[in-house]
Amino acid sequence: MINFYVKAIIYLFCFLLSLFGLSSLDYNRFLKQNRVAQAQTLYFIIAFSLAYLMGTMIINLIYFLQ
């Protein structure tokens, strides 16, 4: 059960870190005008994807180094 909580905390931390990192990009010039909902959806999909990749890498490194 603790294993689940550790993974959840790692993924949450990675999600917040990816949101912080993505906020520095000016991706408005790559998107169409007046498409706010689609742009926000894309932003969160990218953030979730980065969080999953970073979290999986961190979890695999933790298990590999044990």
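The values are calculated or read from the model by the stated rules, or taken from the named source; none is laboratory data. None of these values were measured; they are calculated from a predicted model. Cβ placement follows ideal geometry from the backbone for every residue including glycine, while neighbour counts extend to all protein chains displayed.
A single entry from Leu61, Leu53, Leu42 fulfils the requirement of being loosely packed, with under 15 Cβ neighbours inside 10 Å, touching a Phe, Trp or Tyr at 6+ places or on another chain (Cβ under 9 Å) and either in a helix (DSSP H, G or I) or not charged (D, E, K, R) (or both): Leu42.
Taking the condition at negative phi, among the aliphatic types (A, V, I, L, M) and at pLDDT 95 or above, does Ala39 pass? No, not satisfied. Counting the residues of segment 1-38 that are surrounded by fewer than 10 Cβ atoms within 10 Å (Cβ to Cβ) and either charged (D, E, K, R) or touching a Leu at 6+ places or on another chain (Cβ under 9 Å) (or both) gives 3.
Residue pairs whose Cβ atoms lie under 7 Å apart, sitting 6 or more positions apart in sequence or on different chains, and linking a residue in segment 22-39 that is within 22 Å of Ala51 (Cα to Cα) to a partner that is not in a helix (DSSP H, G or I), are Ala39/Leu31.
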